[in-house]
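Let me begin by presenting the structure, written as C-alpha cells, before commenting on it.
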Amino acid sequence: MPPFDPQNARPQTIAAQALRQNESAAERRFITPPIDISATYERDADNAYSTGYCYGRDDNATIRHCQEVLTRLENGASAAIFGSGMAAATTAFLALPRPAHIIVPQIMYWCLRDWLKHDALSHGLLVSFADMCDPGAVHAAIRPGVTKMIWAETPSNPLWGITDIKACAKLAHDAGAILVVDSTAATPVLTRPIELGADAVMHSATKYLNGHSDVIAGALVFAHDSDFAREVRRLRRSHGAILSPRDGALLLRGMRTVHLRVAQQCQSAMMIAAHFSSHHAVSTVLYPGLDTHPGHEIAKAQMNGGFGGMLSIRIKAGEVAAIAVAANVKLWRRATSLGSVESLIEHRASIEGPGTPCPPDLLRLSTGIEAPQDLIADLESALDAVPSG
Ligand SMILES: *Cc1c(COP(=O)(O)O)cnc(C)c1O
C-alpha cells in the first residue's frame, strides 16, 4: 500500500478531521478550532488589512473553514456559505446578467419553485419549467443565445426523479449557459456534480451536511473562479445573506460525520423501500434505488455508494388514509425538513398547499440513523391500521 499522502486524502478523511486544520487554526494546533465571533478586525498601522479579514459580513474564519471543507468534498474551486438554502439558491439566480431565460424543473423543492413562479419575473428572470428527467424536454426548452442557466435538482423533491447531470451539462454548455445542481438530497458523499460537468452545486446545508436539525444554512460550490462565482460573493455581501459563525461551527461539526450518517441512511432507506414495495396499503414506493424506478439506471451511474436517505410512499386508500398513517407512527417524527439523524415523515401536499404537483396520497420519508428494523416495524403498524384501498 502506498504511504498516506495528505494531498490525496479521501473525502471521508477530509470530512472527519474538517481538513485537519485550516490556515487560521494551524498556528495553535487546535484539534477543534475556536469559533471566530469577531464582527470586525483591526487594520494594520499602515492602513492595510494584511490578514485578509476586514468585517464579519465580508468574511469570517469559521465560515471560511466550512467553505474549504465543502469545496474539497465537492471537488470544486471555491464555495460560499449562506444563511439558508433559499438564500444560496436565489442568490445564484440573481447573479446572472439579466434579462435572462432560465430552465428549471417542473418538480422541485416547493419553496424555490414558488419563488421562481411568483418572484423571479420581477427580477428579470424568464422561467421555463421543464421535465428535467427527460433531456429531450430540456433541449426543447433551450432558447439559443437567451438561455443563461439550467437548474437541476437530483434526486428531486418529492418524487425523487433523477436528472442526468452529464447530459444536462452538455446541453447547457452547447447553448452557452451554465448548469447549477441542487444536490441537497444526493450529498457530496453520493454525487459530485462538478465532476460530471456542472458549473456550480447548491446545498441546503440545513439537511444532510449539518444533519442534526439545529442549523438553517445553505451553500454554493463553484467549479471555477468565474464571474458568476464572484458575483455570487458580491451579492452575498451586499444582501447580507450570511451564516452566523456560531451556526457555522455547528455546520462544521455536522460535516465531520456526513459520510457515516449518509451510509447508514442509504442502507436503511433501501431496506425500507424494499420492505414496503409489497405492502397491501401502499400503491407505489418512490426510491431511485429500486430497479422499478424510472431513473434507476442513471442514478446507478451518477450516485456512488447508495441512492440516498429520501423516499416517498403513496397510500392506496388516498389522502385521508395517508394523513392517518402519519398520525399513527410512534417513532418517525411528523415534521418537514430532511437529512437529519432522526427519521421524519410528512404528508407533503399539506405543506406545499394549493397548486402543488405533489400527489395527495404521498408521504415523504426522511430516513434517519435509528435501527432500520425499528423504523420498519413502526411504519408497518401505522400502515396496517389503514384500509388497503
Ligand atoms: C430544504 C431545501 C432547500 C431550501 O433550503 P433551506 O435551508 O430550507 O432554505 C432547497 N432545496 C432542497 C432540495 C431542500 O430540501
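The values are calculated or read from the model by the stated rules, or taken from the named source; none is laboratory data. Because the structure is a prediction, the values reported are computed rather than measured. Because the Cβ atoms are built from the backbone with ideal geometry, glycine has one as well, and the counts that use them run over all protein chains shown.
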- prompt: Taking helices (runs of 4 or more DSSP H) that fall entirely within region 211-296, which contain at least 1 residues that are without any contact (Cβ under 8 Å) to a residue 60 or more places away in the chain and more than 21 Å from the chain's Cα centre (by Cα)?
  reply: 227-239, 258-276
message: Between a residue in region 91-115 that is touching a residue at least 24 places away in the same chain (Cβ under 8 Å) and polar (S, T, N, Q) and any residue that is within 11 Å of the ligand (Cβ to nearest atom) and in a strand (DSSP E or B), which pairs come within a Cβ distance under 8 Å, given they are 6 or more apart or on different chains?
response: Thr91/Phe82
message: Show the residue pairs meeting these rules: Cβ distance below 7 Å; 6+ apart or different chains; first residue within region 165-190 and at negative phi; second residue among the acidic types (Asp, Glu).
response: Ile178/Asp199; Leu179/Asp199; Val180/Asp199; Asp182/Glu153; Pro188/Glu74
- prompt: So which of Leu94, Leu112 ends up being at pLDDT 95 or above, within 12 Å of the ligand (Cβ to nearest atom) and within 21 Å of the chain's Cα centre (by Cα)?
  reply: Leu112
message: Among the numbered criteria (1) away from the ligand (no atom under 16 Å from the Cβ); (2) modelled with pLDDT of 95 or more, which one does Leu338 miss?
response: (1)
- request: Identify the residue in region 320-344 that is in contact with a helix residue (DSSP H, G or I) (Cβ under 7 Å, 6 or more places away or on another chain) and touching a residue at least 24 places away in the same chain (Cβ under 8 Å) and, among all such residues, is surrounded by the fewest Cβ atoms within 10 Å (Cβ to Cβ).
  value: Lys330
- prompt: Filtering region 192-210 down to residues that are more than 13 Å from the ligand (Cβ to nearest atom) and assigned to a loop (DSSP other than H, G, I, E, B), which residue is farthest from Trp110 (Cα to Cα)?
  reply: Gly197
statement: The condition of being of a type in the set (A, V, I, L, M) and within 16 Å of the ligand (Cβ to nearest atom) holds, among Leu243, Leu260, only for Leu243
message: For region 161-176, give me the residue count where each residue is in a loop (DSSP other than H, G, I, E, B) and surrounded by 24 or more Cβ atoms within 10 Å (Cβ to Cβ).
response: 2
